[in-house]
Amino acid sequence: MGSDWIEMPFSAAVMVNPGAPLIRGREYPFVDMTAVSPTSRCAFASESRIFDGGGSRFVAGDILMARITPCLENGKIARFCCAEGQAAHGSTEFIVIRGRDGVTDTAFAYYLTKWEGVSGYAISQMTGTSGRQRVPTSSLDYLTVAIPPLPVQHAIAYILNTLDDKIELNRRMNETLEAMARALFKSWFVDFDPVRAKMEGRWRKGESLPGLPAHLYDLFPARLVDSELGEIPEGWEVGTLGDVAEHPRRGVQPKSIEPATPYIALEHMPKQCIALSDWGVTAGVESNKFEFRKGEILFGKLRPYFHKVGVAPVDGVCSTDIVVVAPRTAHWFAFVLGVVSSEEFVEYTNAGSTGTKMPRTSWAEMARYDIVLPPKAVAQTFTERVRPAVDRIIAAIHETRTLATLRDTLLPKLISGELRVKNAHSTILEFDRPTSKEE
């Protein structure tokens, strides 16, 4: 720590619950606790609500720190992201933090709040019953922090922001790639757009349409025919998911699993997102698990309405509340992924779930799902178009985990002054230094 760093109470270094210019009775953006994710720096408005004078108030860029267990313990601290100058309100369970003019920069204050010295202290101050503990805002008056000069704050925030910017870029890219894959699946296998385009003369041999390159023309028929599932493309068949996918039941016992093996449980799986960027390790697991392989599809069978479906980014093991789904042959991969990650399939599994408090679906139920099966050539072409996007999603997941590890390594050292800003660049280079045999 430099001699020009100044120690002061946290609540003197930043503004706590500074408020915002909201007018009672008017509608403003509203942020609830579900909008704050431990994996994202940004919290966006959940909806618009009439401001009634209660709850938290903040402006663009302000820091929202959950003050309730288990939200704060799960790392729910984010900045409100919207148009500059926009005011909003939110949950009563937020403590709002803003940089103090001439003392702290808000971007630096965000990382200061994320630092274990502040967030860990806040957790230790929680009061109330075990199921509903809160951080008293007044407890922040008794936390002393060391604050560097503003130029150093700006440099620290710039280094950490650069890493977070890349993490956020990867997240958005993955969302875009997934949306494109979903749209293509719906176009080809739900709306039958290629067939309708040929029927209506909008697509002719040798021509291309959006999503329909000229060389794909002969893959699709020019006619729809009746079936028990309604109109389907001529030459296609009605079948079930079990015709093209299987559940490889590779059960493993705890004693046979290496402690460092990647482990995915339901809490690691995000909702409505095939990018599985979070996992733990099996050290300490005590019950039987299922083994999965990189590229296989994981489907959360407990409370399937949560829509937890993703592609495994590594080899590992998972909870038995997750069904491992694999295509029977490789060319069915993207089609199977499109089916099991669709809203319609999730609704089907939810409707067929058994159990009142803890409803579960099963592979037997999933396998009976009726689908329209395209010819293998169409399925293979679809996989060839979607597989590169899935591979990019997985590559971005691994890059993001590396960047997050680097950020989490640098953050406490920079915030505490253990690592000077001028040395952070060399630390980044050392962290990223290749470890190939050529070295």
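All of the numbers you see were taken from the coordinates with simple rules; none came from a lab. No experiment lies behind these values; they were computed from the predicted model shown. Reconstructed Cβ throughout: ideal geometry from the backbone, glycine too, with neighbour counts over all protein chains shown.
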*With helices defined as uninterrupted DSSP H runs, which ones in the chain have an alpha carbon span along their own long axis of at least 15 Å and mean Kyte-Doolittle hydropathy of at least 0.0?*
376-416, 421-431
_Please arrange 403, 160 by how many other C-beta atoms lie within 10 Å of their C-beta, fewest to most._
403, 160
*Nonlocal amide H pairs with residue 371, under 5 Å, H built at 1.01 Å*: 239, 240, 241
*Once phi is turned into ³J(HN,Hα) by the Karplus curve 6.51 cos²θ - 1.76 cosθ + 1.60 with θ = phi - 60°, what whole-Hz value does each residue of the range 17-22 show in order, with x for glycine and proline?*
6, x, x, 7, x, 9
*At residue 26 and residue 358, where each label point lies 7 Å from the Cα along Cα→Cβ, what is the point-to-point distance in nanometres?*
5.0
*Show the residues, 5+ positions off or on another chain, whose built amide H is closer than 5 Å to the amide H of residue 147.*
6, 7, 8
*In a Gaussian network model over the chain where Cα atoms closer than 10 Å are linked, find which of 423, 17, 170 has the largest mean-square fluctuation.*
423
_Efficiency of FRET between residue 146 and residue 249 - r from beta-carbon atoms, R0 60 angstrom, step 0.05_ = 0.65
*Say each of residue 237 and residue 12 gets a label point 7 Å from the Cα, pointing the same way as Cα to Cβ; how far apart are those two points in nm?*
7.8
*Taking Cβ-Cβ under 4.7 Å as the only way to count a partner, pick out the unpartnered cysteines of the chain.*
71, 82, 273, 318
*So how much slack lies between residue 392 and residue 260, counting 0.36 nm per residue of separation and subtracting their Cα-Cα distance, in nm?*
45.0 nm
*Can you pick out the pairs among 114/422; 76/166; 76/186 whose Cα atoms lie more than 26 Å from each other?*
76/186
*Work out how much length residue 60 to residue 42 would gain on full extension: take 0.36 nm times their residue separation and subtract the Cα-Cα distance, in nm to one decimal.*
5.4 nm
*For 305, 111, 348, order by how many other beta-carbon atoms lie within 10 Å, fewest first*: 305, 348, 111
*Between residue 305 and residue 84, what is the spin-label point distance in nm, taking each point 7 Å from the Cα along the Cα→C-beta axis?*
4.4
*Counting other C-beta atoms within 10 Å, which of 77, 257 has the fewest, and how do the rest follow?*
257, 77
*Measuring from centroid to centroid over Cα atoms, what is the spacing of the range 246-287 and the range 162-227 in Å?*
33
*asked:* Below 8 Å between Cα atoms, with a sequence gap of 6+, how large is the relative contact order for the chain in percent?
replied: 14
*For residue 49, distant residues with modelled amide H under 5 Å away*: 28, 30
